[in-house]
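Structure, as structure tokens:
What follows is calculated from the coordinates using simple rules that are stated; it is not laboratory data. Everything numeric here is computed off the predicted structure, so don't read it as measured data. Virtual Cβ from ideal backbone geometry, glycine too; neighbours counted across all protein chains shown.
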Amino acid sequence: MLTVLLSSCSALTRLTSSLPASALLIAFVTWFFALHASASELTEQGQDIAQRLCAACHGLGRADRSPLSVAPAFRRIEPRVDLNEMVDRLQNGLVAGHPEMPIFVLKEQEARALVAYMRSLQVD
Ligand code: HEC
């Protein structure tokens, strides 16, 4: 077992030392920032959508109160609804079971963005 481990270790060392370490580092840093930039862009896009479509009734951001008091603030939506299902629900027509709320049908990308935004608000 130990010999297997040792030989795979030295194989790994040989492999990594044959690659220029700086190139690896640059690749990693680029990947890391690309990942984070796209995650926050998605959340920002979701915020725009929420602002446009939902803010008339639902409290956004850190707000615990909604303009329409019967509508739950997005910050506290999580125990009421499963955000994992929300991407699908938003594409298939989100029905809140409340006559005041219109039925929304969003494109997949918009639904993902809106859910990313809602997720970013949840109080733990
Ligand atoms: C015209 C007002 C209005 C708008 C605009 C509105 N909502 Fe609502 N929404 C409500 C009300 C009122 C409720 C509470 C329904 C209830 O308690 O049965 C609600 C409830 C919800 C719920 C909880 C549903 C559940 O199953 O408990 C979600 C999720 C939701 N809204 C998402 C959204 C999203 C996302 C948008 C924007 C795309 C939006 N709403 C826009 C009025 C609105």
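Would you pick out the residues in region 63-113 that are within 19 Å of Gln45 (Cβ to Cβ) and outside any helix (DSSP H, G or I)? Reasoning before the result, please.
Step one: filter region 63-113 for residues within 19 Å of Gln45 (Cβ to Cβ), giving 74-75, 77, 83, 86-91, 94, 104-113.
If the condition is that a residue be within 19 Å of Gln45 (Cβ to Cβ) and outside any helix (DSSP H, G or I), then Ile77, Leu94, Phe104, Val105, Leu106, Lys107 are the ones that fit.
Please work out which residue is nearest to Lys107 (Cα to Cα), limiting yourself to region 47-62 and to residues that are in a helix (DSSP H, G or I) and not basic (Lys, Arg).
Residues of region 47-62 in a helix (DSSP H, G or I): 47-53.
Pick out the ones that are also not basic (Lys, Arg) and you get 47-51, 53.
Numbers: Gln47: 15, Asp48: 14, Ile49: 11, Ala50: 14, Gln51: 17, Leu53: 14 Å.
Ranking the candidates gives Ile49 first.
Please indicate, with yes or no, whether at least one residue in region 76-91 is more than 7 Å from the ligand (Cβ to nearest atom) and over 18 Å from the mean Cα position of the chain (by Cα). Explain how you work it out, then say what you get.
Taking region 76-91 first, the residues more than 7 Å from the ligand (Cβ to nearest atom) are 76, 78-79, 82-85, 87-89, 91.
With the extra rule that they be over 18 Å from the mean Cα position of the chain (by Cα), the set shrinks to none.
Scanning region 76-91, I find no residue that is more than 7 Å from the ligand (Cβ to nearest atom) and over 18 Å from the mean Cα position of the chain (by Cα), so the answer is no.
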